[in-house]
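Below: the structure, in structure tokens.
Each value in this text was obtained by applying a stated rule to the coordinates, not by laboratory testing. Bear in mind the structure is a predicted one, so any value in this text is a computation, not a measurement. Ideal geometry is used to build each Cβ from the backbone, glycine not excepted, and the neighbour counts take in all protein chains shown.
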């Protein structure tokens, strides 16, 4: 009995993960095949900070929550030494006021000294939950806050690495979390020993103890020569028109990154909507990288904040800034093909 209790407590603290077969709840409505029209704002809505600021080199990885008339943007800032999570607020999603860095890596813990960012925020029972990437190798942690400024971190990773030989043996990162019914669902990046980066899903009742889908990954690399042939990451998922839709970042052999689109009826079996990226952003500031989507479905249209930069690098020093695109859905005969 004592041994069983010790194992249970250890799993609760360390985020032990089991494996299950599951699907997401059926998305609302009958499935349709809408056309999607994209409109991208010409300038960044959240630029890099001034020299010396925590986001002076890169501002990327937005995660936006709407609450009581305000948009809260938890985004990643790089100053040349550390990645940290910052907060900006806005009344319209376009004009932002920065509140500074609110979450930093703790070298005395599993996080180490490199990163506490690349996260996914949700409002849960009046509290901000923020699942974020940290550590070497990368794993996923959880922090909770009443106001977006003061945070309490769970002491251990809540989503650990997979076992030896697994598709996510070397890294789990880029979480994106939905709450549907009595479960949380986390879409995330997994990296195997061949350095392939693909996408999978896990579920949880409390946001701490997760069950990984037994048949992960749910989205494989693109065909040779495609924009997503080398790596996938940074998924963003929502439900509309009888489907689950996923925006994701695809990486090619030149370290160029673009955003693709896939859809699914069950959240587990996904198909690409197009073999091409869904939109472009102005070359003046987004010539090499468009990545990190986060979405809000509001008033029948999709708001997409994304990171972008003009230097093709895999991690930082992109001259990264955050932009905004709006997607409007219409019946097929009234617009272009999905994702175009």
* **Computed helical MRE - 222 nm, the chain, DSSP H runs ≥ 4 contributing -39500 (n - 2.57), nearest 500** => -1500 deg cm²/dmol
* Structure fact -> Final fewest-first order of 56, 145 on the 10 Å Cβ neighbour count is 56, 145
* Most fluctuating residue given options 218, 172, 289, as computed from a GNM of the chain linking Cα atoms under 10 Å -> 218
* **Calculated Rg and Dmax of segment 64-219 using C-alpha coordinates, Å** => 15.4, 47
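Residue 26 to residue 164: extension gain in nm, 0.36 nm per residue of separation minus the Cα-Cα distance?
46.4 nm
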* Cα pair distances in segment 236-340, grouped into 5 Å bins until the bin that holds the longest one, percent each -> 2, 12, 22, 24, 19, 12, 7, 2, 0
* Structure fact -> The base-10 log of I(q)/I(0) that the Debye equation returns for the chain at q = 0.09, 0.12 Å⁻¹, one scatterer per C-alpha, is -0.43, -0.80
* Asked: Over all Cα pairs of segment 45-95, how is the pair count split among 10 Å bins, expressed in % and running from 0 up to the last occupied bin?
  -> 28, 50, 20, 2
* What's the long-distance tail for segment 19-124, i.e. % of Cα pairs beyond 25 Å? -> 39 percent
* Asked: How many nm separate the modelled label positions at residue 150 and residue 18, each set 7 Å beyond the Cα in the direction of the Cβ?
  -> 3.6 nm
* Asked: Going by how many other Cβ atoms sit within 10 Å of their own, how do 212, 153 line up, fewest first?
  -> 153, 212
* Among 100, 225, 242, which one shows the biggest mean-square fluctuation in a GNM of the chain, springs joining Cα atoms closer than 10 Å? -> 225
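At 0.36 nm per residue, and after removing the present C-alpha to C-alpha distance, how many nm does the segment from residue 269 to residue 193 gain when stretched out fully?
25.0 nm
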* Asked: Between residue 56 and residue 108, how many nm apart are label points set 7 Å from Cα along the C-beta direction?
  -> 2.7 nm
* Asked: If you wrap a convex hull around the C-alpha atoms of segment 80-148 and split its volume per residue, what is the figure in Å³?
  -> 105 Å³
* Structure fact -> For the pair residue 311 and residue 253, the simple spin-label estimate (label points 7 Å beyond Cα toward Cβ) gives in nm 2.5 nm
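Given segment 200-289, report the % of alpha carbon pairs whose separation exceeds 21 Å.
37 percent
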* Pull out the extension gain between residue 136 and residue 39, defined as 0.36 nm times the separation in residues minus the alpha carbon to alpha carbon distance; nm, one decimal. => 31.1 nm
* Asked: Normalised by the number of residues in segment 2-334, what is the relative contact order in percent for Cα pairs under 8 Å and 6+ residues apart?
  -> 19 percent
* To do: Give the value in nm², to one decimal: projected area of the alpha carbon convex hull of segment 96-184, averaged over all directions.
  => 7.0 nm²
* Determine, for 305, 38, the number of other Cβ atoms within 10 Å of each Cβ, and report the residues in order from fewest to most. => 38, 305
